[in-house]
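Q: Have a look at this one.
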Amino acid sequence: MADMEPDETVDSRDSACPGPLMDLVGRIKKSDPGTVLELLTSDEGSKKDVPDWLENTRHDLLEIEDQNGHWAIYVKVN
Amino acid sequence: MEKIVVVGGGIGGTVVANRLANDIGSMIDDGEVEVTLVNDTPHNVYKPKYLYIPFGLSHTDETKRPLTEILNHRIGLEVDPAVDMDTDAKTLELESGKTLDYDYLVMATGAKLVPSETPGLVEAHEDDTAHWFYNPEGAEALRDALQDFEEGHLVLSVIGSPHICPVAPIEFPLIADAWFRERGIRDDIEITYTYPIQRSHGLLSVTRWMDPIFEDRGIDTEYPFNVEEVDPESQTLEAMEGELDFDLAVTIPPHAAGADDLIENAGIGDEGGWVDVDHNTLECTRADGVYSIGDNANHGTSKAGSPAHYQAGVVAKRLASQIRGEPPTEMYHGKTFCYIEAGLDEATYAHFNYDPETKEKQLPKESQLIHWGKTAFNETFSLITRGLI
Ligand SMILES: Cc1cc2nc3c(=O)[nH]c(=O)nc-3n(C[C@H](O)[C@H](O)[C@H](O)COP(=O)(O)OP(=O)(O)OC[C@H]3O[C@@H](n4cnc5c(N)ncnc54)[C@H](O)[C@@H]3O)c2cc1C
């Protein structure tokens, strides 16, 4: 069980193209400041891609959780 | 009698209807099943050809065909926009006031552009400085603008995410580069491509293929670059990461699902407004008896014609099984095939599925043969929509 309480989930498990990061970017643009998003991804590359992308933005990485075969990445929209 | 309603007569909708007409044709003939396709216009449109309109290599007339020519005679056709849906009563309401009952329904309403979501983009479009080629009107306006564009900075900017056809934004600058060279004006034109994440494309295999080609052709790249606003006066793209001036902006605007209001009101969409489906069965997770395919669905792969086509085949088989009282066993595993133009006479392709390893598979070297493959495919699109290939 996740400790985080997301406001919305972006389920990108299986996301083949253009991939979980693009799914997250799209959702962030539509979200209000303060929203906590949970990105579910089965692509291990997201563990690096997402934090790298966030570094260049005003949004915050809250946590990355290993959830048995996929990962949950929590992001706060600012 | 069991009733199947298909909403949307694009690539996904026509293929699913025509495949059903073949798979359960005798049951339709015997009056045991009725299949009706609902579309908001009398035409089927083939969007991949929009890419060529700005360069005068295709025309809007070549992108559409009457649905009556494409649909099998066993399919009923309603040219009437779907406006509402009651997933408990299993009814679909059309704009004319007509109501259709269904036992099974397939949502295939595609995606549409919402440029107004980016402040300033519509104004810059009205000023003839910002454009798009993802709909016929946009592609034609861009064609006219390109005729007069002989020098300056052309910026191809991916603004919307998700957007349909993830590779068309790469194809456009590559074709433009070759087209300007042919006209002898390439040295007077700077081309820049912008993308929202920290590499040139979401798909790693595509990034690895395109980076050296873009460098070789002198196409600049700017990423991550997330446009938040367009300033029509100063002709500037204002992004989270900085600004970029343009003389001609070719944008990929934000998108929404076709029939987005219906999807929201019927409660079948996810938080992003796309129909929420199981990625393998393509059954809507929020309503019984509803499938969704193609660009309006939240499946795990590209919003592109090839997945819509493959998904339609899967859903037709599942429906045929259910109609026959058998368990539906056909599954979709993310199969996607995208041709990528690398200029005016060469192309490559990407072929992948839900398995992350397939996203890293090296793309073949671009060639004229593959370009001819894409051209032939585009010319024979009615064979696809008729469910023949
Ligand atoms: C420039 C460009 C290039 C592309 N190139 C490629 C390519 O090379 N390869 C590739 O695979 N894909 C490509 N695509 C993407 C491809 O065209 C789409 O992904 C594909 O058309 C999706 O099929 P669909 O059936 O989901 O939706 P569509 O084909 O868009 O069909 C949706 C249908 O639903 C109808 N509709 C909408 N709302 C309603 C309503 N309320 N009631 C009734 N009917 C409604 C519409 O009129 C339309 O007929 C390209 C797209 C563009 C724009």
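The values are calculated or read from the model by the stated rules, or taken from the named source; none is laboratory data. Source: prediction; values computed, not measured. Using ideal geometry, Cβ is built from the backbone for each residue, glycine included, and neighbour counts are taken over all protein chains shown. Each accessible area value is taken on the protein alone, full model and side chains, heavy atoms only, with ligands, DNA and RNA left out. Shrake-Rupley method; radii C 1.70, N 1.55, O 1.52, S 1.80 Å.
Q: Quick check on my filter: what residues within the range B:51-77 are basic (Lys, Arg) and open to solvent by less than 70 Å² (accessible area, probe 1.4 Å)?
A: Passing the criteria: only B:Arg74.
Q: Quick check on my filter: what residues within the range B:78-103 are surrounded by 16 or more Cβ atoms within 10 Å (Cβ to Cβ), acidic (Asp, Glu) and within 10 Å of the ligand (Cβ to nearest atom)?
A: The answer is B:Glu78, B:Asp80.
Q: Would you say B:Glu151 is touching a helix residue (DSSP H, G or I) at 6+ places or on another chain (Cβ under 9 Å) and either farther than 21 Å from B:Thr207 by Cα or among the aromatic types (Phe, Trp, Tyr) (or both)?
A: So B:Glu151 fits the description; yes.
Q: From the list B:Ile189, B:Ile197, B:Ile164, which one is more than 24 Å from the chain's Cα centre (by Cα) and aliphatic (A, V, I, L, M)?
A: B:Ile189
Q: Show the residue pairs that are 6+ apart or on different chains and have beta-carbon atoms under 6 Å apart, the first residue being within the range B:208-223 and in a helix (DSSP H, G or I), the second being among the aliphatic types (A, V, I, L, M).
A: Correct list of pairs: B:Trp209/B:Leu363; B:Met210/B:Ile170.
Q: Would you confirm whether any residue within the range B:42-51 is without any contact (Cβ under 8 Å) to a residue 60 or more places away in the chain and away from the ligand (no atom under 12 Å from the Cβ)?
A: no
Q: Okay, next question. If I ask for residues that are away from the ligand (no atom under 16 Å from the Cβ), open to solvent by 10 Å² or more (accessible area, probe 1.4 Å) and touching a residue at least 24 places away in the same chain (Cβ under 8 Å), which ones from the range B:168-185 would you list?
A: B:Ala178, B:Glu182, B:Ile185
Q: Here is a further query. So in the range B:1-34, with the set limited to residues that are open to solvent by less than 10 Å² (accessible area, probe 1.4 Å) and away from the ligand (no atom under 16 Å from the Cβ), which one is nearest to the chain's Cα centre (by Cα)?
A: Restricting to residues being open to solvent by less than 10 Å² (accessible area, probe 1.4 Å) and away from the ligand (no atom under 16 Å from the Cβ), the top hit is B:Ala21.
Q: Now for a different question. Being within 13 Å of the ligand (Cβ to nearest atom) and among the acidic types (Asp, Glu) is the requirement here; does B:Asp288 meet it?
A: Working: within 13 Å of the ligand (Cβ to nearest atom): no; among the acidic types (Asp, Glu): yes.
So B:Asp288 does not fit the description; no.
Q: Separate question: Looking only at the range B:104-147, which residues are part of a helix (DSSP H, G or I) and within 9 Å of the ligand (Cβ to nearest atom)?
A: B:Ala139 - this is the single residue of the range B:104-147 that is part of a helix (DSSP H, G or I) and within 9 Å of the ligand (Cβ to nearest atom).
Q: Would the range B:52-72 turn up any residue that is touching a residue at least 60 places away in the same chain (Cβ under 8 Å), more than 23 Å from B:Pro136 (Cβ to Cβ) and either within 13 Å of the ligand (Cβ to nearest atom) or under 19 Å from the mean Cα position of the chain (by Cα) (or both)?
A: No, the conditions are met nowhere in the range B:52-72.
Q: Kindly check whether there is at least one residue in the range A:28-35 that is within 13 Å of chain B (Cβ to nearest Cβ), in a helix (DSSP H, G or I) and modelled with pLDDT of 90 or more.
A: yes
Q: Only one of B:Glu228, B:Glu233, B:Glu243 is in a strand (DSSP E or B), more than 24 Å from B:His351 (Cβ to Cβ) and free of Cβ contacts under 8 Å to residues at least 12 places away in the same chain. Can you tell me which?
A: B:Glu243
Q: Give me a count of the residues in the range B:233-243 that are more than 14 Å from chain A (Cβ to nearest Cβ) and either in contact with a Ser or Thr (Cβ under 7 Å, 6 or more places away or on another chain) or open to solvent by 30 Å² or more (accessible area, probe 1.4 Å) (or both).
A: The qualifying residues number 5.
Q: Starting from the range B:3-16, keep only residues that are farther than 16 Å from B:Ala82 by Cα, then list their pairs with residues that are near the ligand (Cβ under 6 Å from one of its atoms) and assigned to a loop (DSSP other than H, G, I, E, B) whose Cβ atoms are within a distance under 7 Å, requiring at least 6 positions of separation or different chains.
A: B:Gly12/B:Ala108; B:Val16/B:Ala108
Q: Can you name every residue in the range B:183-207 that is outside any helix (DSSP H, G or I), within 14 Å of another protein chain (Cβ to nearest Cβ) and aliphatic (A, V, I, L, M)? I'd like the intermediate steps shown before the answer.
A: Step one: list which residues in the range B:183-207 are outside any helix (DSSP H, G or I), which gives B:183-185, B:189-203.
Next cut, within 14 Å of another protein chain (Cβ to nearest Cβ) only: B:194-203.
B:Ile197, B:Leu203 - these are the residues of the range B:183-207 that are outside any helix (DSSP H, G or I), within 14 Å of another protein chain (Cβ to nearest Cβ) and aliphatic (A, V, I, L, M).
Q: Separate question: Scan the range A:13-22 residue by residue and report those that are farther than 16 Å from B:Tyr223 by Cβ, surrounded by 24 or more Cβ atoms within 10 Å (Cβ to Cβ) and at the interface with chain B (Cβ under 7 Å from one of its Cβ atoms).
A: A:Ser15, A:Ala16, A:Cys17
Q: Inside the range B:246-257, can you point out the residues that are of a type outside the set (D, E, K, R), assigned to a loop (DSSP other than H, G, I, E, B) and more than 12 Å from the ligand (Cβ to nearest atom)?
A: If the condition is that a residue be of a type outside the set (D, E, K, R), assigned to a loop (DSSP other than H, G, I, E, B) and more than 12 Å from the ligand (Cβ to nearest atom), then B:Phe246, B:Pro254 are the ones that fit.
Q: Out of the residues in the range B:179-212 that are touching a strand residue (DSSP E or B) at 6+ places or on another chain (Cβ under 9 Å) and of a type in the set (A, V, I, L, M), which is farthest from B:Glu151 (Cα to Cα)?
A: The residue in question is B:Leu203.
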